[in-house]
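*Asks:* Okay, handing you the structure first.
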Amino acid sequence: MRYSNIHTHTVFSDGRYTPEENVLEAIKRNMISIGFSDHSYTEFDLRFGIRPQNTAAYVREIRRLQKKYKDDLEIYLGLELDGFSKLENRELYDYIIGDCHYIKIGDEYFTVDDSGQEQQQVIDRYFGGNPLGYAKAYFDVYTQKTIENKPDILGHFDLVAKFGLMDEESSAYRNMAAEALISCLEITPFIEVNTGPVCRRVRKVPYPTDFILKEILAHGGKVVLSSDSHETENMEFYFDKTVQLLKSVGFKSIVQLHKGEFEEIEI
Ligand SMILES: [Zn+2]
Ligand SMILES: [Zn+2]
């Protein structure tokens, strides 16, 4: 099947290739569409986001490519919005992916996705060694920022489980994740199934994990495939296998950006 990938990174944030190199790759692969979603700017962590002075150039470049390649590929301009970024000039973008890469304790921000070691240190220091307290801090901020920012797509929903420190089998964790999910799906039904962690070999399965996929299905959520690619070669990474996984969970369709709309495609 022909795919779309709406979660891609370029040199404007922490990706390795230019937008145009990504476009050429997507054309080569005969994709339906591609969406750029470089990281939003966070003033307390300068490693990832588009610098404010580069936002205009990012927007200009993607709009230029849209025109240049209009006969070959649908191209969309998005933003991966961290919950702690300020969402300015939303009208510049075709869509927003809402994500949460940090939890905040007091005045300090702690990254959720840097390393298992860092997660464990925060769990020990602030949550008495209980990962569930950490998970609650994560899902609370994810939900709150989703309600505040109203993104179009929910991004890597269970990033908190990236390093295997959560007890994903426990009903306490599952109920917590499900409750957050239901609140977020009230804001938008669109949620990404993100193969990035499989690509980066930190997990064997995409985000979110299968019990959450079942909850998405049960609550009328619609899944959007993405690879969160930082390299052009990973544009459609693990997509075929993920479609099989979704079918095995019971999904009959996925959603793709096509002609400016989220279009449901049978799988
Ligand atoms: Zn992310
Ligand atoms: Zn990303």
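*Asks:* Name the pairs: first residue in the range 128-150 and touching a residue at least 12 places away in the same chain (Cβ under 8 Å) and open to solvent by 70 Å² or more (accessible area, probe 1.4 Å), second residue outside any loop (DSSP other than H, G, I, E, B) and β-branched (Val, Ile, Thr), Cβ to Cβ under 9 Å, at least 6 apart or on different chains?
*Replies:* Sorted first by the residue in the range 128-150, then by its partner, the pairs are Asp140/Ile103; Ile147/Ile187; Lys150/Ile96; Lys150/Ile187.
*Asks:* Does the range 95-108 hold any residues that are more than 16 Å from ligand 1 (Cβ to nearest atom) and either buried (at least 20 other Cβ atoms within 10 Å of the Cβ) or not charged (D, E, K, R) (or both), and which are they?
*Replies:* Ile105, Gly106
*Asks:* Can you tell me which residues in the range 72-92 are open to solvent by less than 40 Å² (accessible area, probe 1.4 Å), without any contact (Cβ under 8 Å) to a residue 60 or more places away in the chain and either out of contact with any Asp or Glu (no Cβ under 9 Å at 6 or more places or on another chain) or of a type in the set (A, V, I, L, M, F, W, C) (or both)? Give the steps one after another, and end with the answer.
*Replies:* Here is the first cut: in the range 72-92, the residues open to solvent by less than 40 Å² (accessible area, probe 1.4 Å) are 73, 75-83, 85.
Keeping just the survivors that are without any contact (Cβ under 8 Å) to a residue 60 or more places away in the chain gives 73, 75, 77, 79, 82, 85.
Of everything in the range 72-92, those that are open to solvent by less than 40 Å² (accessible area, probe 1.4 Å), without any contact (Cβ under 8 Å) to a residue 60 or more places away in the chain and either out of contact with any Asp or Glu (no Cβ under 9 Å at 6 or more places or on another chain) or of a type in the set (A, V, I, L, M, F, W, C) (or both) turn out to be Leu73, Ile75, Leu77, Leu79.
*Asks:* One residue is enough: does the range 255-263 have a residue meeting the conditions surrounded by 15 or more Cβ atoms within 10 Å (Cβ to Cβ), aromatic (Phe, Trp, Tyr), touching a Lys or Arg at 6+ places or on another chain (Cβ under 9 Å) and closer than 19 Å to Ala26 by Cα?
*Replies:* Checked against the condition, which is being surrounded by 15 or more Cβ atoms within 10 Å (Cβ to Cβ), aromatic (Phe, Trp, Tyr), touching a Lys or Arg at 6+ places or on another chain (Cβ under 9 Å) and closer than 19 Å to Ala26 by Cα, the range 255-263 yields at least one hit.
*Asks:* Additional query: Looking at Tyr76, Tyr126, which is the one that is more than 16 Å from ligand 1 (Cβ to nearest atom) and more than 24 Å from Pro189 (Cβ to Cβ)?
*Replies:* Tyr126 is the lone residue from the list that is more than 16 Å from ligand 1 (Cβ to nearest atom) and more than 24 Å from Pro189 (Cβ to Cβ).
*Asks:* Restricting attention to the range 31-42, does a residue exist that is out of contact with any Lys or Arg (no Cβ under 7 Å at 6 or more places or on another chain) and farther than 19 Å from Val224 by Cβ?
*Replies:* Yes, some residue in the range 31-42 is out of contact with any Lys or Arg (no Cβ under 7 Å at 6 or more places or on another chain) and farther than 19 Å from Val224 by Cβ.
*Asks:* Residues in the range 222-236: is at least one under 15 Å from the mean Cα position of the chain (by Cα), more than 16 Å from ligand 2 (Cβ to nearest atom) and on the phi < 0 side of the Ramachandran plot?
*Replies:* Yes: the range 222-236 contains one or more residues that are under 15 Å from the mean Cα position of the chain (by Cα), more than 16 Å from ligand 2 (Cβ to nearest atom) and on the phi < 0 side of the Ramachandran plot.
*Asks:* Please specify each residue of the range 199-217 satisfying the condition of being surrounded by fewer than 19 Cβ atoms within 10 Å (Cβ to Cβ) and within 14 Å of ligand 2 (Cβ to nearest atom).
*Replies:* The answer is Arg200, Val202.
*Asks:* Just for the range 151-169: of the residues that are touching a Leu at 6+ places or on another chain (Cβ under 9 Å), farther than 19 Å from Ala218 by Cβ and open to solvent by less than 50 Å² (accessible area, probe 1.4 Å), which one is farthest from ligand 1 (Cβ to nearest atom)?
*Replies:* Ranking the candidates gives Met166 first.
*Asks:* From (1) part of a strand (DSSP E or B); (2) away from ligand 2 (no atom under 16 Å from the Cβ), pick out the condition that doesn't hold for Arg64.
*Replies:* (1)
*Asks:* Follow-up question, since we're still on this one. State which residue is nearest to ligand 1 (Cβ to nearest atom) when the search covers only the range 1-17 and only residues that are open to solvent by 30 Å² or more (accessible area, probe 1.4 Å) and either in contact (Cβ under 8 Å) with a residue 24 or more places away in the chain or part of a helix (DSSP H, G or I) (or both).
*Replies:* So, considering only residues that are open to solvent by 30 Å² or more (accessible area, probe 1.4 Å) and either in contact (Cβ under 8 Å) with a residue 24 or more places away in the chain or part of a helix (DSSP H, G or I) (or both), the one nearest to ligand 1 (Cβ to nearest atom) is Asp14.
*Asks:* Sort out which residues of the range 85-122 are of a type in the set (S, T, N, Q) and within 16 Å of Gly49 (Cβ to Cβ), and write them in order of number.
*Replies:* Ser85, Asn89, Thr111
*Asks:* Follow-up question, since we're still on this one. Please determine whether any residue of the range 24-39 is in a loop (DSSP other than H, G, I, E, B), more than 14 Å from ligand 2 (Cβ to nearest atom) and open to solvent by less than 30 Å² (accessible area, probe 1.4 Å).
*Replies:* Yes, the conditions are met somewhere in the range 24-39.
The values are calculated or read from the model by the stated rules, or taken from the named source; none is laboratory data. Everything quoted here is computed from the prediction, not taken from an experiment. Note that each Cβ is placed from the backbone with ideal geometry, even for glycine, and that neighbours are counted across all protein chains shown. Keep in mind that these areas ignore ligands, DNA and RNA; they rest on the heavy atoms of the full protein, side chains included. Shrake-Rupley method; radii C 1.70, N 1.55, O 1.52, S 1.80 Å.
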